[in-house]
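Colleague: Got a structure for you, written out below as C-alpha cells; questions coming shortly.
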Amino acid sequence: MIDSILSFCDSVLSNQYWFFIITLLIKLVICFAITIAFIPISVLIERRVASFIQDRVGPNRVGIPATIFKRFGMKADLPFVKALDYFGLPHDGRIANICRYFRLDKDIPLLGLLQPAVDGGKLFLKQDFTPPFVRRFYFWVAPMLVLAPPLMTAAVIPFAGDLETPYGNINMVVANLSIGPLWIFAISSLSVYGLVLAGWSSNSKFPLIGGIRSSAQMISYEISMGLSIIPLLMIYSELNLSNIVQYQADNGWLLLPFWGEGLTVERWVLLIPIVISFIIFLTSVFAETNRTPFDMSECETDLVGGYHTEYSSMKFAQFFMGEYAAMIVGSSLVITLFLGGWSIGFGIDGWLLDNCGNWISTILQLIFYVLKLAAFAFFFVWVRWTVPRFRYDQVMKLGWLVFFELAVINIFITAAILYFIK
Amino acid sequence: MSEETSKLPKDIAAAEGKVNVQINGTWYQFPRGMRIIDACKSVGVHVPTFCYHPKLAIAGSCRMCLVEQGMPPRLAPGQAPSYDAQGYQHIQWMPRPIIACANTVCENMGIKTNSPLAEEVRAGVLEFLLANHPLDCPICDQAGECKLQEFSNDYGKLKGRYTESKTKKGKNLSVGPNINLDQERCVLCGRCIRFMRDIAKDPVLSFSQRGTHNAVTIYPGRELDHPYSMNVVDLCPVGALTSKDFRFKMRVWFLKETKSIDVNCGTGTNITIWSREEQVYRLTPRQNDEVNSCWMPDEHRLNYRFINSPQRIPQPVIRTDINAPHRASTWEPSFSALAEAIKRVPADQIAIIASGRMTNEELYMTRLLAEQIGTKHVDIVSRVKESDGMLISADRNPNTTGAQVILGLENPGSQLEMIRDGVQRGKIKAILCLGEDLTSPEAGFKAQDFENLNYLFVMDHTASDTARAADLVLPGVSFAEKFGTMINVTGRIQRLNKAIEPIGYAKDDWTILQSITKALGSNSPAMNAVSSMDILSLIGQEYAALENINWGRVGDCGLQVLETGVTIPLIEQEKNPQG
Amino acid sequence: MAFKTIKRPKISIGERFYLKALLGGLVITMKHLVLSIIGKSRSKKELGGSGIGVTMQYPEYRWDKHLPEYYRGYPVLVKGEDGRERCVSCQLCEFICPARAITIKPGEVPADSQWNKVEKAPVEFEIDMLRCIYCGMCQEACPEQAIFMSQGYLLTPTDKKAGVHNKAKLYELGGTKQGLVNKWNAYK
C-alpha cells in the first residue's frame, strides 16, 4: 500500500509538468503564508514596540480562555467562581476540576499574542457601514486595489536558496522572473489607484485630500526609488532577483562585503554609491508604504483619517492590511537588494551546503530570511515611533529636490567607478 | 459782505429747507423739524431707546436716549454772529443732556452721543432701570432680543450698587388670551399703552400706582383681547409682555430669521419666519410702510402650526382601484400614472381648480399645464369675506391679483359653479385640484360629487377630505418651504422665502406641475427652469403688466406693479392721520 | 509687548542633514524600549506602574483618589439643598455646546408646584454622551449653577440609545450639591 503510494508520488513527481505545478503550489503557500502571517505579527510588533518605547505595557489583556469569564467581573472578584455559580455548578465538582485542569480558572495572557487574532475577529464583527452618497462601486473596489498589489509583488522575491531534489532543481521563488525589480515597481505603483479611488469615492473632503496627497507623494517617490536602484543593477548586471541574492550569498552582501569577492578594494569603493542608494531606497520605501514620517495621506491631525475616514469594518481592515503588506514587501525588497536576501552570510551558505546537506541549508535560509524580515519590521516600527511626521511641503521638497537629484548623480558616480575598476 | 454771508452753510441749507447739525464732530444737513433720534439714525449713529417707536406718539418717558446737545451762544444786543473757517458758529454745550426723541434738530445744533456726559447719563438711567429689575433672564422669553440686556451690555456699568430689597410686583399675570404680563420686568416705556390707545383704539392698558410701585396694568374687568393685541409683545422692549403662544418654546438666539409674507389674506403682510431645525416657532411682522406698517393681526400670526403638523402629507399617495386603500408611492411612478390618466380623459372633460394661495410661479405652471392638456375649465376658489378695517383685507386669498394676471381670469371663482354643475351632470370626468380642499364652504363641492369623477388628482400639503377621496395625492409645500412671489390686493408683488426644507418627501409645487407638464410632452422653456426665480423671469418676458420683473427687482419690500385701486385701511390712516 | 520675536537658530551644514538628530532619536527610543523590557522605566514607582512600563492595570487599579479637583468627567445636573431642580432650561448650555450634544425641551413649572416662582424648568434634558467632548463649557455658561462636570468617567453604553443621558439619568448622576447660591429666594 505504502509502496504503491510512494511509487505513485514518484511517478507524478518525475513528470516535469506535475513537478512544476506541485512545487509551485508549495512555494505559493510558503510565500503567501509569510506575507499574510506577517501582517498580524507586524501589527503586534507595532503595538508592543510602540508601547515599550512609550513606557507602557501594550496589548496584554487578551489571554486564554480569551477573557471569557471577564463578563462576570474583575480578577479580584473571582470570575471563575462566579461563572460556576451562574451555571449552578459546585465549586469542586467534576466540571470545575476539569476546567481547572485546563487552566480555565485564570487567564493565560500569552504576552498578548492573541491580540491580533481577536482584533481580526473584532474587525469582522464590526458594522460594515457604507455611507450614503458615496460612489458605491469604487468605494467597494478601492480597498481591494490597495491590498492586492503588495501581495502580487511578493511573488518575485526569493525566500530561500535553490533546493536540489532527485526530480529536479527547485527555485525558491514563486515566479522566477528575469525582470524582478521592474515587476515590483510596476505592480506596487498600482496601489495608488486604491488610495485615490477611496479618497474620491468617499464623497467627503478629508478623504479626497488624503487621496490626492497620497497619489502625489507615491508618484514622486517612485521616481527616486526607481532611480536609486539603477546603480545596483549596474553592479549586479542582473535583473533576476534569485541571481542577485545568489551573487550576494557568494560574494558578500552589498552593504556588508565581508567575504568572497567582497574583500576586494573595488567593492569597498563601490560602497559609496551603494550607501547613497540604500538611504534613498529605504526612505522611498517608507514613503511608498505611507508609513509614519511620510503618512501624509492619513495624517490624523489635519485629515481625520485620510482616505479611509469613511471606511469601517473589514473594508477598513483591508487598507490596514494593505499598509502592512506593503511594508513587508518593501522590507523584503530592501533585504533582497542590499542585505543578501535569504543568505546567512559570511560564507556560511556554502559551508552549510557542503556539510549539512541541501535540505537543512534551505530551511535554515528560509528561517534566516524570516528573521531578517522580522528585524526589518521592527526597524519600521522603531522609526515610526521616533521620527515625527513631516509637513507635506517638506515631503515633496525632499522627494523632488533632494532624492531625485541625488539618485541621478549617484548613477553617474557608479558609472564612473565601474568604468575605472572594471 | 452780503456775498460772503450768502455762502454760509446755514443759508445753503435753508434754501433746501434744511438745517446744519453737528453729530459727534461731523456736520450733516437734515430737514427742518426732524427728530434728533431720527437724524442720528439716518447717519448711522446709534442712540439707545426704549420708549421711542417711529410709528407711535412720543412719550419721552424712558430717558434712555439722552444726548449732550449744544447751540450757538445767544448774542448780546447788537452783537454780530461770528463764524469759523467753515462758516459755522461756535457751539456752546449745554450742561445738562436732552432726550433725542422729543427734540428736533435746528440750525447749528451740536449733538454728542459719545461724550463722557452722554455715556454717564446712559449708565445712570440703566442703573435706575435695573434697580428693581428681576434676575429673570434665564427664564425670560425676551432674553436675546431684549433691549435692556443689549443696552446694559453696551452702555451699562454691568454691576449694580443697589443692595436694598427689590420692589415686588405682579409676575406671570395673564392679561389676555395671548399675552402674559410681568410687571417686575417692565421699564415703563408705555409703548404698549400708546399702541392700544392710538393704533388699536382699544385703550385697555394704563399705568397705575406711583413711584417705585408704578406698573402697567389692565383695566379691571377688561382683557387684552383685541385682534391686534400681540403686537404689544413685539413692541415691548423687555420681557414684560410676552406671548403665551411662544412662551418657553425656544430661545430666540437659536432661531433663523427668514423674510417672507403672510398668506392668510390679500394684504400680504410682511413677516419674518423664525425657525430652527426645520421647525417654525413663530411669525412676527416686518416693517413695510406700504403694506402693514409694523403690525400684524393675531389670527395670522398664530396660523403657522399646520406647517409642522402631523396632518402634513409626507409622500405621494396613490390609489389604483376605486375600493383600494391609499398607499404610499414615489414620485416618478406617480407622474407617469397621472400623465396616463390625464391622456385617457378627453380634454374638455378635465377641469383644473387652482388656488388663490398659489404663487405666481405655480399659477404660471398651472397655465402651462392647462394649455398642454387643452382644457378651458380653469379657475380658482375665491374667498371674499369682510375686511376688518385695519390690515385683514376682504379677499382672504393672498394672490387673487396674481391669478387674475397669470391665468387671465376676469372674475375669479365665476367658473367654479359651472365646473361643479359639470361634475354633477357628468360632463366633467376629471379634476386636477391644486392646493385646495374642494369640500370647503368656499368651493362648495359635496363628497358625493367626487363619485361622478373618473379621476381626482390633488396636490396639497395637508390632508383634507378632498385628498382622502383622491386617486392620486402629490404633497406640495406650505408657504414657509418655498420661494415664490405673490401680488397683493393693491397690486404689489412681494416675495416668499424658504425658511425650512420641505417635510418628508414633499416637493415644491411648481416642480410638481413642471414634472406633470413634462410627462404630458410639453417642451416650453419653463420645462428647463431650475428655480422659481427662473420662472419669474419667464413671467416677466410674457406679461406686459409684469414686464421685466425678476427676483432681484422685487426686493425684500416688494414692488408696486399694478394699480388696482384697493387700499389698506391702516396704511391710509397712517398716511392721513386727520382723514 | 505681548509677543517676543525669537531668532531662528543658525544650523550648520552638518546639522542640516539631520542625520545626527535622527540617530539620536533612534537611540533615545531604543533606550526606552530596553528599559521598559528590563522593567526599569523612569518614574515607574511614583506612578504606581505594574509589570512592564509605567502602566497602571486599569480595571483592577484605579487612579480615582489622585483625580484633581478640576477633573472634567461627564456632565451632570444637580439639585439644590432645598431639593429644587436648579436647571431652568435657559438653553445657554445647548447654545454653547461645541459638539451640539445637548438637547433641551423647555417647559413650564406647574402653577401648583412649590417652585412655581421659577416658572420654567426642562421637560426633557438630553446629553448625547457619544457627542460630548467633556470641554466643560456648559458648566461655565450655566447662569443657575445647575450643570456640573462630575468626577465620573466610567461610561460604557452598550447601544447608542444608552449613550444618551436623559434628565432622570443626569439628576441621578448629579444628586444634590451643597452650598450653591439660592437665587430664587423670596427677595429676588
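Colleague: Would you mind checking which residues have amide H under 5 Å from B:Ile179's amide H? H placed 1.01 Å from N; only 5 or more apart, or other chain.
Modeller: When sequence neighbours closer than 5 places are left aside, the close amide H contacts are B:Lys244.
Colleague: Counting DSSP beta bridges with both partners in chain B, what percentage is antiparallel, nearest 5? Before the final figure, lay out the partial values.
Modeller: On the way: 48 of 69 bridges.
Percentage antiparallel, nearest 5: 70.
Colleague: Picking from B:Ala143, B:Phe128, A:Ile280, whose Cα lies most toward the positive end of the charge dipole for the protein assembly as shown (charges on Cβ: Lys, Arg +1; Asp, Glu -1)?
Modeller: Checking the options against the dipole of the protein assembly as shown, the answer is B:Phe128.
Colleague: Another question, if that's okay. Along each of the three principal axes of the Cα atoms of the stretch B:317-573, give the extent in whole Å, ordering the values from largest to smallest.
Modeller: Taking max minus min along each principal axis of the Cα atoms, the stretch B:317-573 gives 57, 38, 32 Å.
Colleague: Right, another one. Report the per residue volume, in Å³, of the convex hull enclosing the C-alpha atoms of the stretch C:11-100. Could you put the intermediate results ahead of the total?
Modeller: On the way: hull volume 21.2 nm³, N = 90.
About 235 Å³ per residue, rounded to a whole number.
Colleague: If you take the Cα atoms of the stretch B:169-285, find Rg, then find the Kirkwood Rh from the mean of 1/r over all pairs, what is Rg/Rh? Mind dumping the intermediate values first?
Modeller: Details: Rg = 15.2 Å, Rh = 15.3 Å.
Answer for the stretch B:169-285: 1.00.
Colleague: Cα centroids of the stretch B:497-527 and the stretch B:401-446: how far apart, whole angstrom?
Modeller: 22
Colleague: So, one more: If you take all C-alpha pairs in the protein assembly as shown, what percent of them are over 47 Å apart?
Modeller: Details: 418696 of 706266 pairs.
Tail fraction, whole percent: 59.
Colleague: Can you put B:His213, B:His226, B:His90 in order of accessible area, largest first, using a 1.4 Å probe?
Modeller: B:His90, B:His213, B:His226
Colleague: Suppose accessible area is computed on protein heavy atoms with a 1.4 Å probe; arrange A:Glu288, C:Glu15 from highest to lowest. Please list the in-between numbers first.
Modeller: Numbers: A:Glu288 20, C:Glu15 100 Å².
Ranked from most to least accessible, the order is C:Glu15, A:Glu288.
Colleague: Could you name the aspartates and glutamates in cross-link range of A:Lys205, using Cα to Cα under 19 Å and dropping any fewer than eight places away on the same chain?
Modeller: A:Lys205 reaches A:Asp295, A:Glu298, A:Glu300, A:Asp302, A:Glu310.
Colleague: A follow-up question, please. Show which lysines lie in cross-link reach of B:Lys376 when reach means a straight Cα distance below 18 angstrom and same-chain residues fewer than eight apart are skipped.
Modeller: Correct list for B:Lys376: B:Lys343, B:Lys427, B:Lys429.
Colleague: Please report the spacing between the Cα centers of the stretch A:271-350 and the stretch A:130-207 in Å, no decimals.
Modeller: 13
Colleague: For chain C, what does the equivalent ellipsoid look like in terms of its semi-axes, each the square root of 5 times an eigenvalue of the Cα gyration tensor, given largest first in whole Å?
Modeller: Working: eigenvalues 468, 110, 52 Å².
Output for chain C: semi-axes of 48, 23, 16 Å.
Colleague: Hey, can you grab everything whose amide H is under 5 Å from the amide H of B:Met64? Only 5+ residues off in sequence or another chain; H modelled, so Pro and N-termini drop out.
Modeller: Those qualifying (amide H under 5 Å, at least 5 residues apart or on another chain) are B:Phe50, B:Cys51.
Colleague: Could you tell me what percent of the accessible area of the protein assembly as shown is made up of carbon and sulfur, with a 1.4 Å probe and every protein chain present? Walk me through the intermediate numbers first.
Modeller: Values: 34320 of 57890 Å².
For the protein assembly as shown, the apolar C and S fraction of the accessible surface comes to 59 percent.
Colleague: Quick check on the stretch B:1-131: what does the Kirkwood estimate of hydrodynamic radius come out to from the alpha carbon pairs, in Å? Each step should come with its number before you reach the end.
Modeller: Details: mean 1/r = 0.0634 Å⁻¹.
About 15.8 Å for the stretch B:1-131.
Colleague: What is the percent of Cα-Cα separations in chain B that go past 39 Å?
Modeller: Numbers: 71217 of 167331 pairs.
I get 43 percent for the Cα pairs in chain B exceeding 39 Å.
Colleague: Let me ask something additional. Enumerate the calculated ³J(HN,Hα) couplings along the stretch B:417-429 in order (Karplus 6.51 cos²θ - 1.76 cosθ + 1.60, θ = phi - 60°), each rounded to whole Hz, writing x wherever the residue is Gly or Pro.
Modeller: 5, 4, 5, 4, 4, x, 5, 5, 8, x, 7, 10, 10
Colleague: Scan around B:Val378 for amide H atoms under 5 Å from its own, H built in the peptide plane at 1.01 Å from N, and keep only partners 5 or more places away or cross-chain.
Modeller: B:Ile352
Colleague: Under 10 Å from the Cβ of B:Asp225, count the other residues' Cβ atoms, weight Lys and Arg +1, Asp and Glu -1, and hand me the total.
Modeller: Numbers: positive: B:Arg222; negative: B:Asp202, B:Glu223, B:Asp298.
Charge balance near B:Asp225 sits at -2.
Colleague: Here's something else I'd like to know. Note down the relative contact order for chain A as a percent, whole number, built from C-alpha pairs under 8 angstrom at least six residues apart.
Modeller: On the way: 608 pairs, mean separation 88.1, N = 422.
Normalised by residue count, the contact order of chain A is 21 percent.
Colleague: Rounded to whole Hz and in sequence order, give me ³J(HN,Hα) for the stretch B:19-28 from the Karplus expression 6.51 cos²θ - 1.76 cosθ + 1.60, θ = phi - 60°, writing x for Gly and Pro.
Modeller: 10, 8, 9, 9, 10, 6, x, 10, 8, 10
Colleague: For chain A, how big is the tail of P(r) above 31 Å, as a whole percent of Cα pairs?
Modeller: Values: 44702 of 88831 pairs.
In whole percent, the share of Cα-Cα pairs in chain A beyond 31 Å is 50.
Colleague: Would you kindly find the accessible area of B:Lys343, with a 1.4 Å probe and non-protein molecules such as ligands, DNA and RNA excluded, rounding to the nearest 10 Å²?
Modeller: 140
Colleague: Let me test this: with uniform point scatterers at the alpha carbons of the stretch B:243-299, what is the Debye-based log₁₀ I(q)/I(0) at q = 0.22, 0.25, 0.28 1/Å?
Modeller: The Debye formula, applied to the Cα set alone, gives -0.88, -1.04, -1.16.
Colleague: Can you tell me the Rg and the Dmax, both Å, for the Cα atoms in the stretch C:67-174?
Modeller: 13.7, 43
Colleague: What does the charge dipole of the protein assembly as shown about its Cα centre add up to, to the nearest 20 debye, if the Cβ of each Lys and Arg holds +1 and the Cβ of each Asp and Glu holds -1?
Modeller: Working: 120 positive and 114 negative charges, 705 e Å.
Computed about the Cα centre, the dipole is about 3380 debye.
Colleague: Moving on to the next point. Over the stretch A:221-271, what per residue volume does the convex hull of the Cα atoms give, in whole Å³? Please list the in-between numbers first.
Modeller: Details: hull volume 4.0 nm³, N = 51.
With only Cα atoms used, the stretch A:221-271 gives 78 Å³ per residue.
Colleague: Shifting gears a bit: State, in angstrom, two size descriptors of the stretch B:215-277 derived from its alpha carbons: Rg to one decimal place and Dmax to the nearest whole number.
Modeller: Spelled out, the Cα radius of gyration and Dmax of the stretch B:215-277 are 14.4, 42 Å.
Colleague: Quick one: buried accessible area between C and A, total over both chains, 1.4 angstrom probe, nearest 100 Å²? Don't skip to the end; give the middle numbers.
Modeller: On the way: alone 14150 and 21060 Å², together 33580 Å².
The buried area between C and A, both sides summed, comes to about 1600 Å².
Colleague: Beyond 25 Å between alpha-carbons counts as too far, so tell me which of B:Lys169/B:Lys256; C:Lys105/C:Lys169; B:Lys55/B:Lys168; A:Lys372/C:Lys31 fall in that bin. Before the final figure, lay out the partial values.
Modeller: Details: B:Lys169/B:Lys256 34 Å; C:Lys105/C:Lys169 16 Å; B:Lys55/B:Lys168 32 Å; A:Lys372/C:Lys31 22 Å.
From B:Lys169/B:Lys256; C:Lys105/C:Lys169; B:Lys55/B:Lys168; A:Lys372/C:Lys31, over 25 Å: B:Lys169/B:Lys256; B:Lys55/B:Lys168.
Colleague: Go through the stretch A:43-58 residue by residue and turn each phi into a ³J(HN,Hα) via Karplus (6.51, -1.76, 1.60, θ = phi - 60°); whole Hz please, and just put x for glycine and proline.
Modeller: Residue by residue, the stretch A:43-58 yields 4, 5, 4, 3, 6, 5, 5, 4, 5, 5, 4, 9, 6, 10, 8, x Hz.
Colleague: Hey, another quick one. Could you sort out which of B:Lys112/B:Lys147; A:Lys126/C:Lys160; B:Lys259/B:Lys507; A:Lys126/C:Lys167; C:Lys65/C:Lys160 sit more than 26 Å apart by Cα distance in this structure?
Modeller: Values: B:Lys112/B:Lys147 21 Å; A:Lys126/C:Lys160 14 Å; B:Lys259/B:Lys507 21 Å; A:Lys126/C:Lys167 31 Å; C:Lys65/C:Lys160 30 Å.
Violating the 26 Å Cα-Cα cut-off are A:Lys126/C:Lys167; C:Lys65/C:Lys160.
Colleague: Using a 1.4 angstrom probe on the protein heavy atoms only, could you order A:Trp351, C:Trp63, A:Trp342 from most to least accessible area?
Modeller: Values: A:Trp351 150, C:Trp63 105, A:Trp342 10 Å².
Per-residue accessible area, sorted high to low, gives A:Trp351, C:Trp63, A:Trp342.
Colleague: OK, next. Pull the list of chain C cysteines that no other Cys approaches to under 4.7 Å, Cβ to Cβ.
Modeller: So far as the 4.7 Å Cβ criterion goes, C:Cys87, C:Cys90, C:Cys97, C:Cys132, C:Cys135, C:Cys142 stand without a partner in chain C.
Colleague: Can you give the Rg to Rh ratio of the stretch B:10-80, both from alpha-carbon atoms, with Rh computed by the Kirkwood formula? Before the final figure, lay out the partial values.
Modeller: Details: Rg = 14.7 Å, Rh = 14.2 Å.
Rg/Rh for the stretch B:10-80 comes to 1.03.
The values are calculated or read from the model by the stated rules, or taken from the named source; none is laboratory data. The model shown is predicted, which means the values in this text are computed figures rather than measured ones. Note: ideal-geometry Cβ built from the backbone for every residue, glycine included; neighbour counts use all protein chains shown. Ligands, DNA and RNA are stripped out before the accessible areas are found, and what is left, the full protein with its side chains, is counted by its heavy atoms. Shrake-Rupley method; radii C 1.70, N 1.55, O 1.52, S 1.80 Å.
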